[in-house]
Amino acid sequence: MQRIALDAMGGDHAPSEIVLGALEALKKDPEIAVVLVGREPEIEAELQAAGADRERISILHAEEVIGCDESPVEALRRKRDNSIVRSFAAVQQGAADAVVSAGSTGAVVGAAHLMWKLIPGVRRAGIAVPMGTRKVNSIVIDVGANIGARLQADQAEADMRVAQAKAEQKRAEAIAEEQEMVAATQENRAKVVF
């Protein structure tokens, strides 16, 4: 049985729509269990309102929520007890097999990058989106934001600054060497005169 850590606080109208979606998924697939991750009192109220069968549902409490309007990096630093990080931790600790979130894409990619190691040969995390038709279901990888572009731009800028600093240092050394040569030449001239 696949255990899905579902960020119950991510996305529009969370947690109500997320909980309803989880219940629908459980009806359609008897081979999954769902770990709803987020504010337990709110999730519990939604489950009770829906009259949910709790056989394949559990709740993992996380007090904080990262909003889509927040800086993902800052939010991950400030809000350590958030539903996204707790979802990834559930997989890391063996309490779940996969993470699903409709929350902040940047925070999800950031949490995955920070908490899980990349597959050898993979340079950055990708985002998978299920795409279905009447005949076939498939998953499309790397359809959203990624942190790679920003990191590459930051690295390029850092490399440029290092190169500029080295050039400035060489220029300063050349000027100092030239000044030493001028001073030595003047000193030699002074010796010749006396």
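Values for this structure:
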item: Only listed residue being more than 18 Å from Trp116 (Cα to Cα) and hydrophobic (A, V, I, L, M, F, W, C), chosen from Ala95, Ala5, Ala14; result: Ala14
item: Selection within the stretch 95-117 - assigned to a helix (DSSP H, G or I) and over 18 Å from Ile18 (Cβ atoms); result: Gly106, Val109, Gly110, Ala112, His113, Leu114, Met115
item: The stretch 66-85, residues that are more than 12 Å from the chain's Cα centre (by Cα) and either open to solvent by 40 Å² or more (accessible area, probe 1.4 Å) or among the charged types (D, E, K, R) (or both); result: Cys68, Asp69, Glu70, Arg78, Lys79, Arg80, Asp81
item: Those residues of the stretch 27-42 which are crowded, with 19+ Cβ neighbours inside 10 Å and either farther than 19 Å from Ala107 by Cβ or in contact with a Lys or Arg (Cβ under 7 Å, 6 or more places away or on another chain) (or both), in sequence order; result: Val34, Val35, Val37
item: Checklist (1) of a type in the set (Asp, Glu); (2) touching a residue at least 24 places away in the same chain (Cβ under 8 Å); (3) surrounded by fewer than 15 Cβ atoms within 10 Å (Cβ to Cβ) applied to Asp7, failing item; result: (3)
item: Qualifying residue in the stretch 86-94 (condition: open to solvent by 90 Å² or more (accessible area, probe 1.4 Å), of a type in the set (S, T, N, Q) and in a loop (DSSP other than H, G, I, E, B)); result: yes
item: Members of the stretch 27-46 found to be under 29 Å from the mean Cα position of the chain (by Cα), farther than 12 Å from Met9 by Cα and among the aliphatic types (A, V, I, L, M), listed by number; result: Ile32, Ala33, Val34, Val35
item: Test: residue in the stretch 150-172 that is closer than 26 Å to Val65 by Cβ, open to solvent by 60 Å² or more (accessible area, probe 1.4 Å), part of a helix (DSSP H, G or I) and at pLDDT below 85; result: yes
item: Identity of the residue in the stretch 118-137, outside any loop (DSSP other than H, G, I, E, B) and in contact (Cβ under 8 Å) with a residue 12 or more places away in the chain, that ends up farthest from Ala22 (Cα to Cα); result: Ala128
item: Sole exception among (1) open to solvent by 60 Å² or more (accessible area, probe 1.4 Å); (2) touching a residue at least 12 places away in the same chain (Cβ under 8 Å); (3) closer than 20 Å to Asp97 by Cβ for Glu24, by number; result: (2)
item: From Glu42, Glu63, Glu55, residue being over 24 Å from Ile141 (Cβ atoms), out of contact with any Pro (no Cβ under 9 Å at 6 or more places or on another chain), at pLDDT 95 or above and not β-branched (Val, Ile, Thr); result: Glu63
item: Scope the stretch 43-56; condition open to solvent by less than 50 Å² (accessible area, probe 1.4 Å) and outside any helix (DSSP H, G or I); matching residues; result: Ala52
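The values are calculated or read from the model by the stated rules, or taken from the named source; none is laboratory data. All figures in this text were calculated on a predicted structure; none of them were measured in a lab. Neighbour counts are summed over all protein chains in view; Cβ atoms, including those assigned to glycine, are modelled from backbone coordinates with ideal geometry. Surface accessibility is based on the protein's heavy atoms, side chains included, excluding ligands, DNA and RNA. Shrake-Rupley method; radii C 1.70, N 1.55, O 1.52, S 1.80 Å.
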